[in-house]
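Structure first, commentary second.
The values are calculated or read from the model by the stated rules, or taken from the named source; none is laboratory data. What you are looking at is a predicted structure, and each value in this text was computed from that prediction instead of being measured. Accessible surface areas use protein heavy atoms only, side chains included; no ligands, DNA or RNA. Shrake-Rupley method; radii C 1.70, N 1.55, O 1.52, S 1.80 Å.
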Amino acid sequence: MSLVQDEIKELSCMKKYPQELSYRGNLELIKKKKISIVGTRKPSKYTREVTQRLASLLSRHNICVVSGGAMGVDAIAHLGAGAKNTIAVLPCGIDIKYPSVNTNLLSSIEKEGLLLSQFENGFKSRPWTFVTRNELVVALGEVLVVCEADLNSGSMRSVKYALEMGKEIYVLPHRLNESLATQELLESGRAKAV
């Protein structure tokens, strides 16, 4: 575990700059253009395919994909970007591979990409640490892409942060009665369709 010594300008938009930020991997990724991608842990087949394609396309254009290392959209975004061009922000100590189903993915990001954590070694995730993690994910990206989300979901907390930070929000277009939260963001004009 190493601590990030230099201030990361993107994080100045957070309510409170992290007291400590641990990392494993390639800290040079912080200097790249970055886009944050978030969404449901249980994406539809359509969302899985489009998220994979979007993350891959961004990576091919030398844009680093930032997400939260969770199951579903997060994991798909990391995989689509490729381990060398993605940043995973953890809701736990950097020595813990959470969720365990993503152990191999997080290990490859640790070796080739970048893992970040605001928590000390051995610290296990709690409900509030996901919220803290989400703020950091949003802060790092120039824009936020929400691939699929339900009303009152963690992804909508990320949207709240993006709005507070003045960041543009993009969503995938969905059919009626699917991804109700992103549909509402489009209808209200708070997001644009990818």
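Details
- Residue with peak Gaussian network fluctuation, the chain [Cα springs, cutoff 10 Å], from VAL101, VAL138, VAL50: VAL101
- Theoretical ellipticity at 222 nm over the chain - DSSP helices of four or more residues, -39500 (n - 2.57) apiece, nearest 500: -11000 deg cm²/dmol
- Cα point-scatterer Debye curve for segment 92-193, base-10 log of I(q)/I(0) at q = 0.11, 0.14, 0.18, 0.21 Å⁻¹: -0.40, -0.63, -0.93, -1.09
- Segment 110-124-segment 38-60 distance, computed between alpha-carbon centres (Å): 23 Å
- Listed by chain and number, the lysines whose alpha-carbon sits under 19 Å from that of LYS9, ignoring those within fewer than 8 places in the same chain, are LYS31, LYS32, LYS33, LYS34, LYS167.
- In degrees, nearest ten, helix 103-112 long axis to first principal axis of the chain (Cα): 70 degrees
- Principal axis dimensions, segment 1-108 - Cα atoms, whole angstrom, descending: 40, 30, 26
- For the chain, the longest principal axis of the alpha carbon atoms and the long axis of helix 154-165 meet at an angle near 80°.
- Carbon plus sulfur fraction of accessible area for segment 93-180, probe 1.4 Å, in percent: 51 percent
- Derived scalar couplings ³J(HN,Hα) [segment 137-147; Karplus, 6.51 cos²θ - 1.76 cosθ + 1.60; whole Hz; x for Gly, Pro]: 4, 5, 4, 5, x, 5, 9, 10, 10, 9, 7
- In summary, the lysines within cross-link reach of LYS160, defined as a Cα separation below 18 angstrom excluding same-chain residues under 8 places away, comprise LYS15, LYS16, LYS192.
- The fraction of accessible area contributed by carbon and sulfur in segment 1-66 is 48 percent, rounded to a whole number (1.4 Å probe; ligands and nucleic acids excluded).
- Nearest-ten-degree value, helix 45-60 long axis tilted from longest Cα axis of the chain: 50 degrees
- Rolling a 1.4 angstrom probe over the protein heavy atoms with all chains in place gives segment 48-194 an accessible area of 44 Å² per residue.
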